[in-house]
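Report on one structure; see the data block that follows.
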Amino acid sequence: MLTQKKHKIQRIIKILYKEITKIILYKLYNPNIGIVTISKILISNDLHYVKVFVTSLNKNNINQTNFSIKPLIKATSYIKYHINKHVLLKKVKHITFLSDDNLLKSIKVINLIKNIRC
């Protein structure tokens, strides 16, 4: 029974990943968002609360993740509306966009290793 619940949540996460990606790419017309990717989605057991971890892929400014998050946070109600309209499951009541800084940490570690080797 527990594995069925986990499997169901994993399927819903895949659906939400695809839907949120479509919304960001094709529905939001905000140049301040930049190039972002969804690195992870967490969902509560009751399917009402979603956490979306976002990473910025701007090559010019690696620290732009926080700037990309602000327009996404402002567009949360719009994204939630489209998810509830297109994904047929229990209503998503709350979406939270969070910055995933694992990419920044990885780049810093790689640079430190390169400096040690030289």
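The values are calculated or read from the model by the stated rules, or taken from the named source; none is laboratory data. The model shown is predicted, which means the values in this text are computed figures rather than measured ones. Cβ: placed from backbone, ideal geometry, glycine included. Neighbour counts: every protein chain shown.
Taking I113 as the residue in question, decide whether it is within 28 Å of K5 (Cα to Cα), β-branched (V, I, T) and at pLDDT 85 or above. Walk me through how you get there before you give the answer.
Numbers: within 28 Å of K5 (Cα to Cα): no; β-branched (V, I, T): yes; at pLDDT 85 or above: yes.
No: the conditions fail for I113.
Give the residues of the range 17-43 that are modelled with pLDDT of 90 or more, over 15 Å from D101 (Cβ atoms) and outside any helix (DSSP H, G or I), sorted by residue number.
I41, L42, I43
Return only the number of the condition from (1) touching a Leu at 6+ places or on another chain (Cβ under 6 Å); (2) among the charged types (D, E, K, R); (3) not in a strand (DSSP E or B) that K8 does not satisfy.
With respect to (1) touching a Leu at 6+ places or on another chain (Cβ under 6 Å); (2) among the charged types (D, E, K, R); (3) not in a strand (DSSP E or B), K8 is out only on (1).
Say we look at the range 44-56 and pick out the residues that are touching a strand residue (DSSP E or B) at 6+ places or on another chain (Cβ under 8 Å) and part of a loop (DSSP other than H, G, I, E, B); which of these is farthest from N84 (Cα to Cα)? Lay out the reasoning, then the answer.
We begin by selecting, within the range 44-56, every residue touching a strand residue (DSSP E or B) at 6+ places or on another chain (Cβ under 8 Å); these are 44, 48-56.
Next, only the ones that are part of a loop (DSSP other than H, G, I, E, B) stay: 44, 48.
On the way: S44: 16, H48: 11 Å.
Residue satisfying both the conditions and the ranking: S44.
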